[in-house]
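Trainee: My structure is below; once you've seen it, I'll send some questions.
The values are calculated or read from the model by the stated rules, or taken from the named source; none is laboratory data. Quantities reported herein were computed from a predicted structural model and do not represent experimental measurements. Virtual Cβ from ideal backbone geometry, glycine too; neighbours counted across all protein chains shown. The protein model used for the area step is the full one, side chains on, heavy atoms only, and it has no ligands, DNA or RNA in it. Shrake-Rupley method; radii C 1.70, N 1.55, O 1.52, S 1.80 Å.
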Amino acid sequence: MDIRQNNKPKKGNIALYLILIIAVISIMASLKHCVTPNATTVNSNNDTINIAIEYSPLSLYTYDDTLGGFSYDFMRLVENVSRHKFIFHPIVTLESTLADLDNGKYDIVIAQFPSTRENKAKYAFSDALHIDRQVLIQLKDSCGNISVKSQLDLAHDTIYVIKGSPMHSRLANLGREIGDTIYIAEDAIYGPEQLFLRIATGEIRYAVINESIAAQLAKLYPNVDYSTEISFSQFQPAILRATDTVMRDSLNMWIKSVKMSRAYTSLQSRYF
């Protein structure tokens, strides 16, 4: 892999990363009351469900010492109709989380991982929680212009993605579609929010994350553009082990029930 930029963090951004790490720790502390010492697998009565949920502006965040986020609030509604106890575990990186799903530490994962044909061969997926798509993140210049206006402009550029995310395979396929090379750099440390901030601070030039997350962050960073689409719209479901078909069917039943409620309509209008 050819990475044509200096990847060493700027000194001025070290404090920003420390703040982000502290924010993640604070979320874990906020969820402490939901987590029991031995809550790593579903108990023998199957009344406890462990959910790994991605820390991002759309999925899970904190405000005024309160937890929020569309995915978190949605799953709280699901918890109410399921009559099960949900234990939430905030996560940043997807690759290790999927390994923990495989080994039974988590029962459900809520993260950027669309139900593509390739992914369906490895995991079971619930009905969609919402619909999303992958977009390119880049800085605008002083006149509001952008360098990459179409997918064809990505030839010979280096694009950052989260390690283990579906964005890697999408960019690899896109390179074949445009008949040219797109260099892909994987970030194994940070999640989509931090990747967006690396663009906002000028540390890297291009990254790909989900549009729903980018739209929320762009409200705070209007100098960042996310208008260039990288994928078509994709369903964003919950992820389960391929063998957990009973859990998947139950989850789908609860999701359908929630989507028929007024609470879901209110949730949609609040976040979208």
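Trainee: Could you check, for the range 224-246, whether at least one of its residues is assigned to a helix (DSSP H, G or I) and more than 19 Å from the chain's Cα centre (by Cα)? Outline the logic, then answer.
Mentor: To start, the set of residues in the range 224-246 that are assigned to a helix (DSSP H, G or I) comprises 245-246.
Filter again for more than 19 Å from the chain's Cα centre (by Cα), leaving 245-246.
Yes, some residue in the range 224-246 is assigned to a helix (DSSP H, G or I) and more than 19 Å from the chain's Cα centre (by Cα).
Trainee: Out of contact with any Cys (no Cβ under 8 Å at 6 or more places or on another chain), among the small types (Gly, Ala, Ser) and not in a helix (DSSP H, G or I): which single residue out of Gly202, Gly175 fits that description? Break it down into steps so the answer makes sense when it comes.
Mentor: On the way: Gly175 fails: not in a helix (DSSP H, G or I).
Of Gly202, Gly175, the one residue that is out of contact with any Cys (no Cβ under 8 Å at 6 or more places or on another chain), among the small types (Gly, Ala, Ser) and not in a helix (DSSP H, G or I) is Gly202.
Trainee: Do we find a residue being open to solvent by less than 10 Å² (accessible area, probe 1.4 Å), among the aliphatic types (A, V, I, L, M) and within 18 Å of the chain's Cα centre (by Cα) anywhere in the range 151-161?
Mentor: Yes: one or more hits.
Trainee: Residues in the range 190-247 that are open to solvent by less than 40 Å² (accessible area, probe 1.4 Å) and acidic (Asp, Glu): how many?
Mentor: Total satisfying the criteria: 4.
Trainee: Taking Asp102 as the residue in question, decide whether it is open to solvent by 20 Å² or more (accessible area, probe 1.4 Å) and under 22 Å from Ala218 (Cα atoms).
Mentor: Values: open to solvent by 20 Å² or more (accessible area, probe 1.4 Å): yes; under 22 Å from Ala218 (Cα atoms): no.
When the stated conditions are applied, Asp102 does not pass them.
Trainee: Let me ask something additional. I need the full set of residues from the range 81-101 which are outside any strand (DSSP E or B), closer than 18 Å to Leu251 by Cα and in contact (Cβ under 8 Å) with a residue 40 or more places away in the chain, in order please. Reasoning before the result, please.
Mentor: Pass one, the range 81-101, residues outside any strand (DSSP E or B): 81-84, 92-101.
Still in the running and closer than 18 Å to Leu251 by Cα: 81-84, 101.
Within the range 81-101, Val81, Ser82, Leu101 qualify.
Trainee: Which of the following residues is of a type outside the set (D, E, K, R) and at pLDDT below 90: Ile255, Ile213? Spell out the reasoning first.
Mentor: Details: Ile255 fails: at pLDDT below 90.
Result: Ile213 is the single residue among Ile255, Ile213 that is of a type outside the set (D, E, K, R) and at pLDDT below 90.
Trainee: Something else: Name the residues in the range 38-66 that are among the β-branched types (Val, Ile, Thr), open to solvent by 10 Å² or more (accessible area, probe 1.4 Å), modelled with pLDDT of 75 or more and in contact with a helix residue (DSSP H, G or I) (Cβ under 9 Å, 6 or more places away or on another chain), would you? Walk me through it before giving the result.
Mentor: The first filter runs over the range 38-66 and keeps only residues among the β-branched types (Val, Ile, Thr), leaving 40-42, 48-49, 51, 53, 62, 66.
Within this subset, residues satisfying the condition of being open to solvent by 10 Å² or more (accessible area, probe 1.4 Å) are 40-42, 48, 62, 66.
Now restrict to residues that are modelled with pLDDT of 75 or more: 48, 62, 66.
Across the range 38-66, the qualifying residues are Thr62, Thr66.
Trainee: Return a yes/no flag: does the range 120-139 have any residue that is part of a loop (DSSP other than H, G, I, E, B), polar (S, T, N, Q) and touching a residue at least 12 places away in the same chain (Cβ under 8 Å).
Mentor: So in the range 120-139, the residues part of a loop (DSSP other than H, G, I, E, B) come out as 121-122, 133.
If we keep only those that are polar (S, T, N, Q) as well, we get none.
Among the residues of the range 120-139, not one is part of a loop (DSSP other than H, G, I, E, B), polar (S, T, N, Q) and touching a residue at least 12 places away in the same chain (Cβ under 8 Å), which makes the answer no.
Trainee: So how many residues does the range 140-150 have that are closer than 20 Å to Leu197 by Cα, touching a residue at least 60 places away in the same chain (Cβ under 8 Å) and open to solvent by 60 Å² or more (accessible area, probe 1.4 Å)? Even if it seems obvious, please write down each step before you answer.
Mentor: Here is the first cut: in the range 140-150, the residues closer than 20 Å to Leu197 by Cα are 140-142, 144-148.
Narrowing the set further to residues that are touching a residue at least 60 places away in the same chain (Cβ under 8 Å) leaves 140, 146, 148.
From what's left, open to solvent by 60 Å² or more (accessible area, probe 1.4 Å): 140.
Here the count works out to 1.
Trainee: Continuing with this model, one more query. Out of the residues in the range 172-189 that are of a type in the set (Gly, Ala, Ser) and at pLDDT 90 or above, which is most open to solvent (accessible area, probe 1.4 Å)?
Mentor: For the range 172-189, the residue satisfying everything is Gly179.
Trainee: Among the residues of the range 248-263, what is the count of those that are more than 18 Å from Gly69 (Cα to Cα) and either surrounded by 16 or more Cβ atoms within 10 Å (Cβ to Cβ) or touching a Cys at 6+ places or on another chain (Cβ under 9 Å) (or both)?
Mentor: Counting residues in the range 248-263 that are more than 18 Å from Gly69 (Cα to Cα) and either surrounded by 16 or more Cβ atoms within 10 Å (Cβ to Cβ) or touching a Cys at 6+ places or on another chain (Cβ under 9 Å) (or both) gives 4.
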